[in-house]
Amino acid sequence: MGDRRPPHPKRRPGPAGRTFALALLGLLAAGGPAPADLRPPARMRGEPPMRFVRVVSAEPGCAPNCPEWLSAEGRIGPGAATDLAEALERLNGRRLPILIHSPGGSVADAVAMGELIRAKGLAVAVARTLITNCPERAPKCPSGPGRAITGGAMCASACVLVLAGGVERLVGPAALVGVHQITTVVRETEGLAHLTSTRKVYEQLDADAAVSAYLAAMGVGDPVMALMRKTPAASVRWLSLADLKVSRLATLALDAAEPIATSGANGLNGRAFDGDPPPADLVQASAAMPFAGRGVALDIALRYRRGGGAVEAEMTVSDVETRPASAPLSPNWSLTLTAPGAESLRLSTAGAPPGRAIVPRERFCALAKGGRLVVAPARDDSPGGGAQDAAAEFTLAAMAGAKALIAEACP
């Protein structure tokens, strides 16, 4: 982009994202050029600087467990990486997916943003956010309700480097994801009159190699880099769905009707590309608890969507043997997840089975540390009307798949 103002003096580069970003700045320092810039076409250059807004889904019926995400929209100017780091810090450890809509901008900032996103284990999708009571081009918006849409969303130029940082990368069926050559704008002062001249530098081998290495480290392959090299800087090569899929710049197809999953283990709502096997985007821990005296077994599952913001707990009751008449099937069971120093979570199968609860990721992670699960039939359903079977108790870590789930949700 043409914005060459120095970063705000109070801004400090974040600890993540320095490796490739600093390498790019170093490679481009000789001769005094500004940071590399994948410049969008002229019609896109009026975009305001990128803003970051925490959004809560305004979709009806999702309360009280409405999903949240971080909206990132606008031009990636100098300091955008620091702004992202500050926005993530304000989430206090919450891991929310990122919805991005941008024409591109500073390569160094885009790379730093991508590396920070990867270090935080966040998912990224190309989508727009319609924020309630906030104009589309307003420079700042408070956190609040909004709606995610895929229509009109794009990720061009340096934005592609941000998208590459996601642990999962989702695009809609008509995604506008585009690339072109890296361009550096060099400003030089000449003569006694100290006149300033500006020139553009194309096909820089060092910057090209640094971006290529970054994409490889993020797991993105050709044809992205090949098309970036051959597309003139004054235009954009919009990638086909086949290009996005084969390069793995997109790992899942974003649901155009509902980009954010408003129920279940909420997060970005994706599916496999046509012809691919179903995505393994849900990490699950499970356990079966038999109650011989009741002739039933309780199946317990905890699920987390990679890059998402919540864990779903589910409990179902199954009849495993012929029960004596004195031990009728209890329709109401409770599951309590507890840990020292953390608020307990209680789940019941009362009402329509199975019993489900959505647990905010940070609350689950607090319970995961030394967590225990206690399963028992409800007191009113016990034979005789008052007695209660002894509760079954086990540790969360004993659940099959618990180690992988905790590692993914609570790094």
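Computed from the coordinates by the stated procedures, all read-outs in this text should not be read as laboratory data. Keep in mind that this is a model prediction, so the values were computed, not measured. Reconstructed Cβ throughout: ideal geometry from the backbone, glycine too, with neighbour counts over all protein chains shown.
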> Do any of Lys245/Lys403; Lys140/Lys245; Lys120/Lys403 go past 23 Å between their Cα atoms, and which?
Replying inline: Lys245/Lys403; Lys140/Lys245
> Sorted by mean Cβ packing within 10 Å, highest first, what order do the peptides 397-408, 261-272 take?
Replying inline: 261-272, 397-408
> Taking Rh as the Kirkwood radius computed over C-alpha pairs, what is the Stokes-Einstein D of the range 51-134 at 20 °C in a medium of viscosity 1.002 mPa s, expressed in µm² per second?
Replying inline: 160 µm²/s
> Order of Cys159, Cys410, Cys141 from fewest to most other C-beta atoms within 10 Å?
Replying inline: Cys410, Cys141, Cys159
> How would you classify the range 57-101 from its alpha-carbon gyration tensor, with a ≥ b ≥ c the square roots of the eigenvalues: rounded for a/c under 1.5, else prolate if a/b is greater than b/c, otherwise oblate?
Replying inline: oblate
>> Please list, in order along the range 107-113, the HN-Hα scalar couplings obtained from phi with the Karplus expression 6.51 cos²θ - 1.76 cosθ + 1.60 (θ = phi - 60°), rounded to whole Hz, x for Gly and Pro.
In response: 5, 4, 5, 4, 5, 4, 5
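Got a sec? How would Met225, Met315 order by Cβ neighbour count within 10 Å, fewest to most?
Met225, Met315
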